[in-house]
Structures are given as structure tokens and as C-alpha cells.
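Participant: Dumping the structure here so I can ask a few things about it.
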Amino acid sequence: MSTQSTVNSDQKIFVAGHRGMVGSAIVRTLIQQGVPQARILTRSRTELDLCNQAAVQAFFAAEKPSQVYLAAAKVGGIHANNTYPADFIYDNLMVQANVIHAAHTHGVQKLLFLGSSCIYPRMAAQPMTESALLTGVLEPTNEPYAVAKIAGIKLCESYNRQYGRDYRSVMPTNLYGPGDNYHPENSHVIPALIRRFHEAKVAGAPEVAIWGTGIPKREFLYVDDMASASVFVMNLADTLYQTHTRPMQSHINVGYGSDITISELAHAVGKAVGYPGQITFDATKPDGAPRKWMDSTRLNSLGWQAKTDLASGLRQAYADFVETTA
């Protein structure tokens, strides 16, 4: 028996955040799976401000999508989260509330919300299972963002419970790949390292110093794998995805399956970039959470597995950086 319901190519599918790394990968995946591009609804931030409730309601009233992928979010690394905590919690709460409520108001039965691994407690047992949600204190450096993402899960869960909607939530591990943000201060760890090593290689710098001790461990998933998981979960047969109304069980983890230390990651990125110099670590800078490794047993048991290994993914990510930024 098939685990998937059929994607109806006549449906309109709204991908919120299509210019972001995950949203653009979801669009690529939908097209690869046979959804006509004309049926995929996208709007840039200048065309539709998702923080504007009236504008979002008007969009849904006019376009009447059948499915929504909510991949729009304000994201960033430790520095950005520490510097702009109010922006991170406000913007994400507003986007989520506006899109999810508008979807319900205009009869959208199926929606997929993309969260983050930072929803889990800082000291959660590893690998982190879905049941770890709200069992401990969050990582302080990104707590406002995490609180907003937890609220998104609960919004979906609550509309399911009260109105019988089918709004599902996926929690990705750390993502990287084409379309990433390579900003020198506000990016996540892999794009930040790619930029650092590339600039050091071009400048002939003998050494690159990395924030933190290099000891914390992280899991990384190539973004096109995340997109395939998103479409997979969206279209799982209802008989298999049966927990979307249950408190603490309405979300599902999406991970690669193993993690590595930041030191190992730095050396892997250096190799992918072709940087020949020395790599050191500045222990006076914050490490963030000691470990973040997702338990993806539930998703794997439903038939999905990550396909892209880290070395291959880093080569593709660096090629994207060179093409779009360098």
C-alpha cells in the first residue's frame, strides 16, 4: 500500500518564503515531482508582507490555494539571534499567525509548517525525540526564535483539534545548500564558514579562527533532502500521519541521521573550499548548545531517508556560493 496521497496537479500550492533556501528547494522539488510551475503560488516580500494580516487575508481570498508550505521565517545564527531577539520573535509570530489563520479562514485543509531543531531544550537527551518538546529550558542564545517556532507548532495543532484541519509540522535539523544566506555576521554556521574559508583562501591568510571551542556537535541536512521530506510529509496518507491533533506529538523530526563536532565540520568545509591554512578555535566566544541531534526514527519508519552525504553537499554548497556571491 502506498504511503503517499497523490499530488493533484490542478491544485494551487502556495509556497511562503520561496526565495529562501528551503522555500526555493521546495519549489524545485514540487516541479521535479510533476506539479506545473503555473500552479505554484509565490510572492516576494515586496509583493506580500506576511506580517500584514489584512494583506495575507486578501491574498488567500483572491488566490484560494489548496495547500500551503509555510517556509517563510526570519532566521540567523547565534550573532543575529543575540543582536535582534525582538525582531526574531515578533516577525516569526506574526508570519505564522497570519498565514495559518488565513489558511483556515479560506478553507485550506492541508498546510505544512517548517519549524526548527531549536524548539527542544538545551540539555535534551540525544538524539532528540519529538516527545522532548517543552520538557526543559531552551538554549538562551536563540530562545525568542525557538518560542516563536513552538507557537507555530501549537497553532497548527490547535486548528487541527478545534476545526479538524490537517496542518502538519516538520522540525528540520541544521540545513545548508543552494540559496543559503552567506552574510558575514548574520548567517548560520556552514555558510559562515564557507565565506570565511573562501575569503581566507583568496587573501592567502595562514590561519582561520573559528568561534567557540569546536567541541559541540551538530547534525546537518542538505536542503534538497529537507524539501523532499517536506513534500513527503505533506502528502503522507492520513492513515499514517495520525498524531496531528495530539498535544506534544503533532510534529515530526527531519534529520540526516548522525552528527559531527564543529571542529570536524570546520575541517570538512575547509577541504571543500580548498583552504590550505591552519584552523584554530577561539574559546572566548560562545558555543551555543552542546549538542543538537535529531531522532528521525518516526520519519524513517514511514519511508523517508536522507540521501546527500556531507562532503557532497558541502561541494555543492560551495559551488553555489561561488556562483552567487564570490
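Participant: Given Cα pairs under 8 Å that are at least 6 residues apart, what percent is the relative contact order of the chain? Kindly include the intermediate steps, with their values, before the conclusion.
Facilitator: On the way: 629 pairs, mean separation 68.4, N = 326.
The normalised contact order for the chain reaches 21 percent.
Participant: Right, here's the next one. Would you please state which residues of the range 115-140 a label at LYS285 would reach in this model, taking the label point 7 Å out along Cα→Cβ and a backbone N cut-off of under 19 Å?
Facilitator: Zone members listed by number: 140.
Participant: Sort 218-224, 275-281 for me by packing, meaning the mean count of neighbouring Cβ atoms within 10 Å per residue, highest on top. Mind showing how you got there, number by number?
Facilitator: Working: 218-224: 24.6, 275-281: 15.4.
In descending order of packing, they fall as 218-224, 275-281.
Participant: Can you tell me the order of 202-214, 138-150 when each peptide is scored by its average per-residue count of other Cβ atoms within 10 angstrom, highest first? Please list the in-between numbers first.
Facilitator: On the way: 202-214: 14.5, 138-150: 21.2.
Ranking the peptides 202-214, 138-150 by packing returns 138-150, 202-214.
Participant: Something else: Whole-Å semi-axes of the range 212-312's equivalent ellipsoid, largest first, each the root of 5 times a Cα gyration tensor eigenvalue?
Facilitator: Working: eigenvalues 221, 57, 15 Å².
Result for the range 212-312: semi-axes of 33, 17, 9 Å.
Participant: So, one more: Taking the structure as given and computing Rg and Dmax of the Cα atoms in Å, which label from (i) 20.0, 66; (ii) 19.4, 60; (iii) 26.3, 103 fits?
Facilitator: Of the labelled values, this structure produces (ii).
Participant: Counting only residues 5 or more places away or on other chains, whose amide H sits under 5 Å from the amide H of SER169 once H atoms are built in the peptide plane?
Facilitator: Under 5 Å from the amide H of SER169 lie the amide H atoms of PHE113, ILE252, each far enough along the sequence or on another chain.
Participant: Quick check: net charge around ALA72, other residues with Cβ under 10 Å of its Cβ, Lys/Arg +1 and Asp/Glu -1?
Facilitator: Result for the neighbourhood of ALA72: +3.
Participant: Okay, moving on. Check the chain and count each lysine pair with an alpha-carbon distance under 21 angstrom, considering only pairs eight or more places apart or from different chains.
Facilitator: Lysine pairs, 8 or more places apart or on different chains, close enough: 16.
Since every read-out is calculated from the coordinates, none of them should be taken as a lab result. Because the structure is a prediction, the values reported are computed rather than measured. Backbone-built Cβ (ideal geometry, glycine too); neighbour counts: all protein chains shown.
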